[in-house]
Amino acid sequence: MLQNDLLLRTLRGEKTERTPVWMMRQAGRYLPEYIAIRNKYGFFERCQTPELACAITIQPVDIVGVDAAILFSDILVVPQAMGLEVQLKENVGPLLPNPIKTVADLARVRVPDVDETLGYVFDAIKLIKQELNDRVPLIGFAGAPWTLLCYMVQGKGSKTFDEAKAFCYAQPELAHQLLQMITDTTIAYLKGQIKAGADTLQLFDSWGGLLSPADFEVLSLQYIRQIVAAVKDEVPTIIFAKGAWHSLDKMAATGAAGLGIDWCIPANMARQFAGNDIALQGNFDPAKLLSPIPVIEKEVREMLTAFGPNRHIANLGHGILPNVPVDHARAFVNAVKEFRFEH
Ligand code: CP3
């Protein structure tokens, strides 16, 4: 039995004594304890070594007191398992030196056996569950197929992912073959995460907002729908499609238990679009954590009031920035934990 199951109860729509809180990318560079491990091991070495992934996953639980742990890994381990080389360039970001552009390139990727290629993630999850010892739930995750396609085709980070979009619009059949392969891999991968002990799952569609509502349906949502359908009866699933507020209603209809939202949509509008039967997660502007602490505390109270006491998970609207002071991150978490709604 979990000692703190606020997140899971909120995802089930139950009333809770207070709003649960965690932060996207909470295991990362703003923590000196993470930097200490980072200085010794390469990025994928940290992902592939269960003891390191476990230590990093638990850091924010101990140091900032969040109500959930999120597996330390990366969305790009899936393209790697599918056969693409993925590098992480320090202070630059991901680099895939041989991206997918043609039919011949697509022949290089496969739907892998996830136990063989991603078994280290399942081992990390088992170890994390053991070390967490039921203090808080563990969130597993994967990238949504559209966001993974962006990196697999563009080959690196981008503000527009114009080459990935051009690939989809110029060679739609190829794009859909690739999206389906990513989807099939992701379903097997997430089922493996559940089997290993993940309590809930989040799908990151970081680049969903680059698509028009119609293209979001075709290139992203129809694949997200398959993934949610495959796992939702086993664990509650959260969809975070940054910028895709126009499709909150459709995302809610997938059977997901929660929807992540960014700071560009007000709480009442998100609730109106998503309906009342789903948890909303968000939506503090990550850059606001650079404000003075009293401002963070005031704005957290405003955020909590705007979402109200039911079906809200406090979080940032995107990942925490590496230059956020730890005491500001802690102030964010504590402000949520101290807040109570009037009865
Ligand atoms: O949330 C967590 O704390 C768990 C771990 C986690 C990482 N990446 C670790 C990481 C999660 C959930 C991710 C997801 C991820 N990775 C996304 C989706 C979420 C989002 O932020 O939009 C995306 C798009 C990626 C791809 C990726 N990985 C990028 C673009 C980068 C470089 C830029 C950046 O933000 O650092 C990474 C590297 C990465 N993944 C780091 C961490 C802690 C930094 C690596 C380092 O230590 O230098």
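The values are calculated or read from the model by the stated rules, or taken from the named source; none is laboratory data. This is a predicted model, so every value here is computed, not measured. So basically every Cβ, Gly included, is an ideal-geometry build from the backbone, and we count neighbours across all protein chains shown. All accessible areas refer to the heavy atoms of the entire protein, side chains included, with ligands and DNA or RNA removed. Shrake-Rupley method; radii C 1.70, N 1.55, O 1.52, S 1.80 Å.
Given H placed on each backbone N at 1.01 Å, which residues far from ILE100 in sequence or on other chains put an amide H within less than 5 Å of it?
VAL153
Counting only protein heavy atoms, what percent of the accessible surface of the chain is carbon or sulfur at a 1.4 Å probe?
Values: 7170 of 13860 Å².
C and S fraction of accessible area: 52 percent.
Please work out how much length the chain gains when fully extended from ALA36 to GLN87, using 0.36 nm per residue of separation minus the C-alpha to C-alpha distance, in nm with one decimal. Intermediate results must be reported in sequence, preceding the final value.
Working: separation 51, 0.36 × 51 = 18.36 nm, distance 2.06 nm.
Length gained between ALA36 and GLN87: 16.3 nm.
Please list, in order along region 122-139, the HN-Hα scalar couplings obtained from phi with the Karplus expression 6.51 cos²θ - 1.76 cosθ + 1.60 (θ = phi - 60°), rounded to whole Hz, x for Gly and Pro.
So the J values, rounded to whole Hz, are 5, 5, 4, 4, 4, 5, 4, 4, 5, 6, 5, 6, 6, 5, 9, x, 10, 8.
Under a 1.4 angstrom probe, counting protein chains only, how are ARG108, ARG340 ranked by accessible area, largest first? Kindly include the intermediate steps, with their values, before the conclusion.
Values: ARG108 95, ARG340 130 Å².
Greatest to least solvent exposure: ARG340, ARG108.
Using the alpha-carbon atoms, what tilt in degrees (0 to 90, nearest 10) does helix 145-154 show relative to the longest principal axis of the chain?
That helix lies at roughly 50 degrees to the long axis.
When the dipole is taken about the Cα centre of the chain, and only Lys, Arg (+1) and Asp, Glu (-1) are charged at their Cβ, what size is it in debye, to the nearest 20?
About 340 debye.
Using a Förster distance of 35 angstrom, determine the FRET efficiency expected from the C-beta separation of ARG12 and GLU45, and round it to 0.05. It would help to have the intermediate numbers written out before the result.
On the way: r = 37 Å, r/R0 = 1.06.
Given R0 = 35 Å and the Cβ-Cβ separation, E is 0.40.
Taking only the Cα atoms of the chain, how large is their convex hull per residue, in Å³?
Working: hull volume 41.0 nm³, N = 343.
Looking at the chain, the number lands at 120 Å³ per residue.
Between the helical axis of 293-307 and the dominant principal axis of the chain, each derived from Cα atoms, what acute angle in degrees is found, rounded to the nearest 10?
So the helix axis and the longest Cα principal axis differ by about 80 degrees.
Taking the Cα centre of region 233-343 as origin and charging only Cβ (+1 Lys, Arg; -1 Asp, Glu), how large is the dipole, in debye to the nearest 20? Intermediate results must be reported in sequence, preceding the final value.
Details: 10 positive and 12 negative charges, 28 e Å.
Around 140 debye, computed over region 233-343.
Roughly how many nanometres apart are two label points built 7 Å out from the Cα toward the Cβ at ASP277 and VAL295?
4.2
If you add up the charges near ASP233, with Lys and Arg at +1 and Asp and Glu at -1, over every other residue whose beta carbon is less than 15 angstrom from its beta carbon, what do you get?
Values: positive: ARG12, LYS191, LYS195, ARG225, LYS232; negative: ASP199, GLU234.
Result for the neighbourhood of ASP233: +3.
Using alpha-carbon pairs under 8 Å, 6+ residues apart, how would you state the relative contact order of region 6-338 in percent?
Relative CO of region 6-338 lands at 22 percent.
Can you compute the charge dipole magnitude of region 179-261 about its Cα centre, using +1 on each Lys and Arg Cβ and -1 on each Asp and Glu Cβ, nothing else charged? Give it in debye, rounded to the nearest 20.
Numbers: 6 positive and 8 negative charges, 19 e Å.
Dipole of region 179-261, to the nearest 20 debye: 100 debye.
What's the center-to-center distance, using Cα atoms, between region 273-326 and region 1-64 in Å?
17
List the lysines whose Cα lies under 29 Å from the Cα of LYS298, skipping any in the same chain that are fewer than 8 positions away.
Here the lysines satisfying the reach criterion relative to LYS298 are LYS15, LYS242, LYS288, LYS337.
Say each of ARG108 and GLN222 gets a label point 7 Å from the Cα, pointing the same way as Cα to Cβ; how far apart are those two points in nm?
It is 2.7 nm.
Within the chain, what percent of beta bridges assigned by DSSP are antiparallel, to the nearest 5? Please report the intermediate quantities before stating the final value.
On the way: 4 of 28 bridges.
Counting only bridges with both partners in the chain, antiparallel ones make up about 15 percent.
Counting only heavy atoms of protein chains, what accessible area per residue, in Å², does region 6-338 have with a probe of 1.4 Å? Spell out each step's value before the answer.
On the way: 12810 Å² over 333 residues.
Result: 38 Å² of accessible area for each residue.
Given 25 °C and 0.890 mPa s, compute D for region 45-143 with the Stokes-Einstein relation, Rh being the Kirkwood radius over Cα pairs; round to the nearest whole µm²/s.
Values: Rh = 14.9 Å.
It diffuses with D of about 165 µm²/s by this estimate.
For the chain, which longest stretch is free of loop sites, where a loop site is one of the GluC sites (Glu not before Pro) that DSSP puts outside H, G, I, E and B and that has at most 16 other Cβ atoms within 10 Å? All intermediate terms of the calculation are to be shown ahead of the outcome.
Values: sites that count: GLU14, GLU17, GLU85, GLU90, GLU234, GLU342.
My reading of the result: 91-233 is the longest stretch.
Name the residue farthest towards the positive end of the dipole of the chain from the options PHE161, TRP146, GLN171, assuming +1 on Cβ of Lys and Arg, -1 on Cβ of Asp and Glu, about the Cα centre.
PHE161
Could you work out how far helix 172-196 tilts from the main Cα principal axis of the chain, as a 0 to 90 degree angle to the nearest 10?
Value to nearest ten degrees: 50.
Which residue, ALA253, ALA267, ALA314, has the most motion in a Gaussian network model of the chain that connects Cα atoms within less than 10 Å?
ALA253
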